[in-house]
Structure formats: structure tokens, C-alpha cells
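Here's the structure, in C-alpha cells; my notes come after.
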Amino acid sequence: MNLLALNIFGFLNFSFTDIIDILLVTVSIYIIFKWIKGSAAMNIFIAILMLFVLRVVVTAFNMKLMSALLGTFLDVGMLALIIIFQPEIRHFLNRFGSRYGVSGKRGTFLNRIFGIKQTQLGNETVNELTEACRAMSENKTGALIVLQGKESLDFIVETGDKVDAVVRRRLIMNIFFKNSPLHDGAMIIRGDRIVAARCTLPITERKNIPARYGMRHKAAIGISEETDAQVIVVSEQTGNISFVKNGVLTRIGNINELKILLGAAVDKPKVHVEEAKPKNPKKTNAAK
């Protein structure tokens, strides 16, 4: 009986290729489970997996009609899932590409082939940017500034108003002024130029974000999770400055910390040494 069951499912002709095939399928299912764990797609994926197993069973027993019905249902269902979960799929592919692709540490060779370079900020741009953040922090002006890395942010730029201007502190402060029509949304900086303002960013789906962080911080975490961009947030309520990279939010204590995180050289404070003044010699009256 056992040999008959093994023969039905084709396990009597078991080869090394079959072992590799099973291992790859197992790893793929594990990665998908880890990716969608805790999301609404979990139950749907389990249902599709059960239908797939059922199709394998009916195909093994040569049930042609049931096999064709399940095959058609699965094909249409997979297409529907791609449409329904398009944002989640894009998020997964972005994460995968940022880790193993052109923006990851292993992508140096691909970067040379495709001519992809890291957009770096000049020292003057860093100074203008940090001084603008300092002023907005003192005035409690809310700001959300995205610094593009290797990955393109054109899909974010398209959601706002395009700007082509050199990074200047007064321009940044004017854009985020509360009565400005461009203050609501994110500013995108590519290299040493401001390319867009009033852009819409994806919101993170993490549930462990402290309640003291508002929508600006959640949007900053969201775009840093999907891309390799770095984000600066100035809180409108407290004036605190935060730096976000790879989904990790860092509270900024002073502007020099922000400059270091942006990769700029920070001048060490000069130590003023006062020269010792000669003391007045005590006058002595000679008694004669």
C-alpha cells in the first residue's frame, strides 16, 4: 500500500534534482510566510497553498476534470492576487533589490555595469541643509526632507510639484513655512539640488511606532523602508530633529550629529587659550 502511494505521487523515481526542487520550494514558502506574517494576505496565502496541495493530489490520482478546474482557479487567483497586493509585492521587491541588487553592498559590480552612482551631498549643501533644520527647529516649523540615494525616487517626485533649485537654507525655510502652498508634504533632494516639494510618501505599516511620533515620522520610516533614501524630520510640536535610515529613527541632539550622519566633515571647535597677563609687582615703600 505504501509503495502504491509512493508510486502515485512519483516518489519511487526520486533523484537529487527532486531534493533540490523540494528544498527550493520550502525556502520560497518560508520567505513568503516571513514576509506576509501578521498581514491580511496571510489567510489568503494559506488558502492558495491548500488549493495547490489539493491540485497535486487530484493530479496524482488522474482526476482530469477536478485538476483542470483547480488549475484554472489558481491561475486566475494568482493574477487577482498580483493586482490586489501590488503595493506589498512592490515593497518586497524593493527590499530584495536594495539588499542584493544595485543598491546593496553586493551590487558594486552591477553599479559599474549600469553606471549607477551614489548621490552625495557636498559640504556646502550639508551646511545649508543643517542650518535650515536648526532654524526650523527653533521656530518649531514642521519639515520632511528626503535625500535620494542610489534608488530612483521618480515615483515619489511625480506625486508632488517639481522644483529645480540649488539647496539654500532660505528656500527650504520658505517652502516649509506654514502659510506656503508647498509646505504640506515632503521635499526631495537629489545631490545638491531640490527636485520636488509637496510629495506624498508611503506610510509604514509597523505597529510599534511610539505614539509621540506623528505622520511625518511614519512617512519618513515608510520611504526609508522601501528605498535607500535618508530622511530628515523636524517636529512641528516639539521642534526636535530626527534622522531616519533603513527604517531606524535616530534623535538628533545637535547639528554636528546631523552633519556626521550626512557624511560631512565637521570642524572641531577651536580652543581659545588666553595668554597669562603679568601680575603687577607689589609696590613697597622704602622707609628711609
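The values are calculated or read from the model by the stated rules, or taken from the named source; none is laboratory data. Since we're looking at a predicted model, the values are computed, not measured. Positions of Cβ are backbone-derived with ideal geometry, glycine not excepted, and every protein chain shown enters the neighbour counts.
Brief remarks on what is shown
- Those residues of the stretch 203-226 which are under 26 Å from MET173 (Cβ atoms) and either of a type in the set (A, V, I, L, M) or assigned to a loop (DSSP other than H, G, I, E, B) (or both), in sequence order: ILE203, ARG212, TYR213, GLY214, MET215, ALA219, ALA220, ILE221, ILE223
- The stretch 207-216, residues that are of a type in the set (Lys, Arg), surrounded by fewer than 18 Cβ atoms within 10 Å (Cβ to Cβ) and within 19 Å of PHE243 (Cβ to Cβ): ARG212
- Residue in the stretch 202-218 that is in the same structural domain as ALA143 (by TED's automatic domain parsing), touching a strand residue (DSSP E or B) at 6+ places or on another chain (Cβ under 6 Å), more than 24 Å from ILE89 (Cβ to Cβ) and not basic (Lys, Arg) present: yes
- For GLU236, the stated conditions do not hold, so it cannot be described as among the charged types (D, E, K, R) and crowded, with 20+ Cβ neighbours inside 10 Å.
- Test: ILE255 is over 12 Å from the mean Cα position of the chain (by Cα) and crowded, with 21+ Cβ neighbours inside 10 Å: no
- Scope the stretch 171-206; condition surrounded by 17 or more Cβ atoms within 10 Å (Cβ to Cβ) and among the hydroxyl-bearing types (Ser, Thr, Tyr); matching residues: THR204
- Among the residues of the stretch 93-146, those that are modelled with pLDDT of 75 or more and not in a helix (DSSP H, G or I) comprise LEU121, GLY122, LYS140, THR141, GLY142, ALA143, LEU144, ILE145, VAL146.
- One residue alone among THR204, THR159, THR200 is within 13 Å of the chain's Cα centre (by Cα) and among the polar types (S, T, N, Q), and that residue is THR204.
- Inclusion of GLY149 among residues that are modelled with pLDDT under 90 and more than 18 Å from ALA220 (Cβ to Cβ) is not warranted.
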